[in-house]
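The values are calculated or read from the model by the stated rules, or taken from the named source; none is laboratory data. Just so you know, these numbers come straight off a predicted model, no measurement behind them. With ideal geometry, Cβ positions are generated from the backbone for all residues, glycine too; neighbour counts draw on all protein chains shown. Quick note on the areas: whole protein, heavy atoms, side chains included, nothing else; ligands and nucleic acids left out. Shrake-Rupley method; radii C 1.70, N 1.55, O 1.52, S 1.80 Å.
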Amino acid sequence: QVRLAESGGGLVQAGGSLRLSCAASGRTVSNYAMAWFRQAPGKEREFVAATTTGSSTYYADSVKGRFTISRDNAKNTVYLQMSSLAPEDTAVYYCAGDYAGRGSSYSDNYELWGQGTQVTVSS
């Protein structure tokens with residue numbers, strides 16, 4: 001059974017940066033498309049970014065140019081580098097995996113989910 005564990009969240013001032021990590025255990029995720037989603041209080045979970053097994057990347061328009069998703073298959077870890085953070089980026093960020101996926105922005109396509117890590121951006 002594959003488990004995903006996010007880390008790296010915290011409190012940061014607007015304009016600052018954070019790097020989130022998603023460590024997989026139990027099995028390699030090199031055959032999984034991996035993604036980050038986020039959910040702000042009172043809002044639906046939304047797509048942030050995805051990377052395929054071939055390391056193609058996809059981003060939500062709201063984060064394009066500010067966030068970078070990457071993966072290190074040797075470490076079985078996926079990262080989300082976030083910069084120029086704004087208060088509207090405040091949310092719980094979730095890591096997700098889709099076996100043999102293509103980097104979909106639809107959360108229903110992902111069968112693996114972590115517990116989430118809180119990111120709070122103060123103004």
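Quick check on my filter: what residues within region 1-22 are closer than 24 Å to TYR106 by Cβ and either at pLDDT 95 or above or among the hydrophobic types (A, V, I, L, M, F, W, C) (or both)? Break it down stepwise before answering.
Step one: of region 1-22, the residues closer than 24 Å to TYR106 by Cβ are 1-6, 9, 20-22.
Within region 1-22, VAL2, ARG3, LEU4, ALA5, GLU6, GLY9, LEU20, SER21, CYS22 meet the criteria.
For GLY54, are the conditions met, namely being in a loop (DSSP other than H, G, I, E, B), farther than 19 Å from ALA91 by Cα, out of contact with any strand residue (DSSP E or B) (no Cβ under 9 Å at 6 or more places or on another chain) and not charged (D, E, K, R)? Yes: the conditions hold for GLY54.
Cβ separations smaller than 6 Å between residues 6+ apart or across chains give the following pairs from region 71-84 residues that are closer than 22 Å to VAL121 by Cα and open to solvent by 70 Å² or more (accessible area, probe 1.4 Å) to residues that are part of a strand (DSSP E or B) and of a type in the set (D, E, K, R): GLN81/ARG19.
Provide a single number: the residues in region 22-65 that are surrounded by 13 or more Cβ atoms within 10 Å (Cβ to Cβ) and either of a type outside the set (S, T, N, Q) or farther than 20 Å from GLY101 by Cα (or both). Counting residues in region 22-65 that are surrounded by 13 or more Cβ atoms within 10 Å (Cβ to Cβ) and either of a type outside the set (S, T, N, Q) or farther than 20 Å from GLY101 by Cα (or both) gives 25.
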